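To start, the structure itself, in structure tokens.
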Amino acid sequence: MIIKTIEKTIKLKLLPLTKSDKKQLFSLLNDYALMIREALDIIIKNDVCSRKKAHELCYRFLRGKYPHLHNKFVQEAYKRALIMYRSYRKLLNKWKRLPEKKRKKISPPSPPTVEDNRVIELHIDTYKLERRHGFLVLTVSKGSGVYLRFLVIEYKYAWKEIEGAKLGNSKILVDGENVYLLLTIRKNVEINEHENKFFIDINEDSIDCLLVNYDKNEAVLFSIRHDIRRIRTNYRRVRKSIQMKVRNPRLRDKLLAKYGRREKKRVEDRVKKITTLLAEIAREYNAGLVRESLKDLRLNSRKRSKQLNYRLSTFPYRRFIEYVDYKFYERGLSVLEVGAKGTSITCPICGYVDKRNRVNKETFMCRRCGFTFNAQYVACLNLFSRSNDGRVAIRGGRLFLITRKTAPVVAVDVAPDEPPNQMRWMREKPVPELIISNPSTICT
């Protein structure tokens, strides 16, 4: 058994208790934005990349200029400015590494600015969350003996998460007249090893899965299809249309920002729902996750088309991995990472590696042993072999897993039909309770 610490952010609506609290909030937001702007100017001017140097140059200056604020707001302000400058430096270095011809066509990244700041970072020492007279109240120390108090609008799911959890550095988000608390909580969960295994291969239009159930001596291959690729390509078309047709720069930037936020929200929604679905399937069968390592993943290649490179580079692989790991750990399920290099072009039977094994998107045919199978599932079979659970073999024309577990031979089936109402479930806002009675109902 392993104890794992997981971190989660919960969004809660806040109501200022008095008019004075609301006034002090907007005053703090304004001062915080000014501190970030001044810290950013100092960091850019001195080309600061380390936190130690940023502290030496910014802390005393900002503390002297804003003595009425809690010292932790000063620290969070220059830390945020430093993060913004580091991101700019990364983009600038990436631009400098481009060939001269490309560099002439692409303008260098613009230095970071603070225009419309809506977020206040809260250090753990600056706020307190406590229950008073049956209500949950947030108290924020602004400094110099000034305290801001907010009534927290509670949700059933949120209180269950908060109860017994450790609070971390959080944020206050001011969205027009609405105020939200982005509360960071940390929990320790017990992670146990599981006999059953759930292998997943992440693709741009589907998540291909192999569920090995040693309890019932069965294995099933299936796919969960999603529309993230379609969302990305549609919004790319919208952005191109705006850039070509809208000549007013201010209106163009406004529209691009609007559709960019909308695209981000929709992709984030899909990722959350897909990872929740995977975690619920694994919990139903008490299976630990085995996923590919994305360490060796090369998203861009000169041999591919620009459109394919765009689709692969914009798929949120890292975010997907973060979410799926969190969802499994939250449910006490183990996660194992396996090398992903060449899983889609390696024969799971004889181990022969050749790009020509992948005939097309749907068909895999080994050029050495002649093994032919649905190309979607080959990576899952190779992940099974690489996880040291056993190996893949063919007996009497059927696919079997020769395992090192209690069940030495497990027959592999491919689920025949599409999951009922899967895309309807993906479109719904609330995540419904998932009940799976039979692996064969999970489908390709």
Full-stretch length increase - Asn169, Asn188 - with 0.36 nm per residue and alpha-carbon distance subtracted: 5.1 nm
With x for Gly and Pro, the residue-by-residue ³J(HN,Hα) of segment 347-356, computed from phi through the Karplus equation 6.51 cos²θ - 1.76 cosθ + 1.60 at θ = phi - 60° and given in whole Hz, is 6, x, 8, 9, x, 6, 10, 7, 4, 6
How much length, in nm to one decimal, is gained on full extension between Asn30 and Lys341, taken as 0.36 nm per residue of separation minus their Cα-Cα distance? 107.0 nm
Amide H to amide H under 5 Å from Gly143: which residues, 5+ apart in sequence or cross-chain, H placed 1.01 Å off N in plane? His70
Across all directions of projection, what mean area in square nanometres is found for the Cα convex hull of segment 307-394? 6.9 nm²
List, in order, the whole-Hz ³J(HN,Hα) value for each residue of segment 30-39 obtained from phi through the Karplus relation with A = 6.51, B = -1.76, C = 1.60 and θ = phi - 60°; use x for Gly and Pro. 5, 4, 5, 5, 5, 5, 4, 4, 5, 5
Which residue fluctuates the most in the chain, going by a Gaussian network model with Cα springs under 10 Å, if the choices are Ile172, Ile44, Ile349? Ile44
Under 5 Å between amide H atoms, partner at least 5 residues away or on a different chain: which partners does Val414 have, H built in plane at 1.01 Å? Leu221
Given a Förster distance of 25 Å, the FRET efficiency implied by the Cβ-Cβ spacing of Lys254 and Lys90, rounded to the nearest 0.05, works out to 0.40
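Solvent-accessible area per residue for the chain at a 1.4 Å probe radius, Å²? Intermediate values should be presented prior to the final figure.
Details: 25240 Å² over 444 residues.
So the chain comes to 57 Å² accessible per residue, rounded to a whole number.
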Theoretical ellipticity at 222 nm over the chain - DSSP helices of four or more residues, -39500 (n - 2.57) apiece, nearest 500: -13500 deg cm²/dmol
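Report, in cubic angstrom per residue, the convex hull volume of the C-alpha atoms of the chain.
Numbers: hull volume 84.0 nm³, N = 444.
Looking at the chain, the number lands at 189 Å³ per residue.
For the chain, give the percent of accessible area contributed by carbon and sulfur heavy atoms, probe 1.4 Å, rounded to a whole number.
On the way: 12520 of 25240 Å².
Solvent-exposed carbon and sulfur of the chain make up 50 percent of the total.
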Using alpha carbon positions and the Kirkwood radius, the Rg to Rh ratio of segment 46-169 is 1.12
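Tell me the Kirkwood hydrodynamic radius of segment 175-298 in angstroms, computed as one over the mean inverse distance between distinct C-alpha pairs. Walk me through the numbers on the way to the answer.
Details: mean 1/r = 0.0549 Å⁻¹.
In segment 175-298 this quantity evaluates to 18.2 Å.
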Any chance you could look up the accessible area of Met84 with a 1.4 Å probe, heavy atoms only, rounded to 10 Å²? 50 Å²
Non-local residues with an amide H under 5 Å from the amide H of Val114, with H modelled 1.01 Å from N and Pro and chain starts lacking one, are none
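Determine the alpha carbon to alpha carbon distance for each of Lys19/Lys128; Lys96/Lys327; Lys4/Lys197; Lys79/Lys240; Lys19/Lys72; Lys265/Lys295 and list only those over 31 Å. Mind dumping the intermediate values first?
Numbers: Lys19/Lys128 20 Å; Lys96/Lys327 39 Å; Lys4/Lys197 19 Å; Lys79/Lys240 35 Å; Lys19/Lys72 25 Å; Lys265/Lys295 26 Å.
Violating the 31 Å Cα-Cα cut-off are Lys96/Lys327; Lys79/Lys240.
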Equivalent ellipsoid dimensions for segment 222-291 as semi-axes, Å, which come from the Cα gyration tensor, largest first: 37, 11, 7
Please list 3J(HN,Hα) in residue order for segment 201-217, calculated via the Karplus relation 6.51 cos²θ - 1.76 cosθ + 1.60 where θ = phi - 60°; whole Hz, with x for glycine and proline. 10, 8, 10, 6, 10, 6, 10, 8, 10, 10, 9, 9, 10, 6, 4, 10, 6
Taking 0.36 nm per residue of sequence separation and subtracting the Cα-Cα distance, how much length would be gained by fully extending the chain between Ile2 and Tyr157, in nm to one decimal? 53.2 nm
Once both labels are modelled 7 Å past Cα along the beta-carbon direction, what's the Lys52-Asn117 spacing in nm? 2.6 nm
Need one number: nm distance between label points at Val137 and Arg398, each 7 Å from Cα along Cα→Cβ, rounded to one decimal. 6.8 nm
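Give the value in nm², to one decimal: projected area of the alpha carbon convex hull of segment 33-103, averaged over all directions. Working shown, then result.
On the way: hull surface 20.1 nm².
Mean projected area of the Cα convex hull: 5.0 nm².
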Spin-label model distance (nm) - Arg367 vs Ser107, 7 Å beyond Cα toward Cβ: 4.8 nm
If I model segment 76-119 as equal point scatterers sitting on the Cα atoms and use the Debye formula, what is log10 I(q)/I(0) at q = 0.27, 0.28, 0.31 Å⁻¹? -0.95, -0.98, -1.10
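The values are calculated or read from the model by the stated rules, or taken from the named source; none is laboratory data. Bear in mind that the values here come from a model prediction, so they are computed numbers and not experimental data. Quick reminder, even Gly has a Cβ in these numbers, built from the backbone with ideal geometry, and neighbours come from all protein chains shown. Areas reflect the complete protein model, heavy atoms only, side chains present, ligands, DNA and RNA absent. Shrake-Rupley method; radii C 1.70, N 1.55, O 1.52, S 1.80 Å.
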